[in-house]
Amino acid sequence: MNLAIEHRPEAGRFQVEVDGHLCVADYRLQGSTMVMTHTGVSPALQGRGIAAALVQAALDHAREQGFKVNPLCSYVEVYMRRHPETQSLRA
């Protein structure tokens, strides 16, 4: 699935609309740490890799900007645990 994920820094989120549903990965910046606070995908869309794509986009952004990541969101925590290549980003 090719998703057109949009970064909305003024809203502190990465987002994509799929089948009329807004899917999000929310964050807030604390200095040079990106605190990932929430990932939301409609139940009708779950299991399609949308949350993973949103989180990966956020982590790619963090790496590009030199940010560390604090995964307060349980989904982001599990994602980072399952993807060892993201451990260097952990705050």
Going through the stretch 41-90 in order, the residues found to be surrounded by 14 or more Cβ atoms within 10 Å (Cβ to Cβ), among the small types (Gly, Ala, Ser) and either within 16 Å of residue 15 (Cβ to Cβ) or in contact (Cβ under 8 Å) with a residue 40 or more places away in the chain (or both) are 51, 52, 53, 57, 58
Some residue of the stretch 21-39 being in contact with a helix residue (DSSP H, G or I) (Cβ under 7 Å, 6 or more places away or on another chain), open to solvent by 40 Å² or more (accessible area, probe 1.4 Å) and in contact (Cβ under 8 Å) with a residue 12 or more places away in the chain: yes
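The values are calculated or read from the model by the stated rules, or taken from the named source; none is laboratory data. Keep in mind that this is a model prediction, so the values were computed, not measured. Cβ: placed from backbone, ideal geometry, glycine included. Neighbour counts: every protein chain shown. Heavy atoms of the whole protein, side chains included, go into the accessibility calculation; ligands, DNA and RNA do not. Shrake-Rupley method; radii C 1.70, N 1.55, O 1.52, S 1.80 Å.
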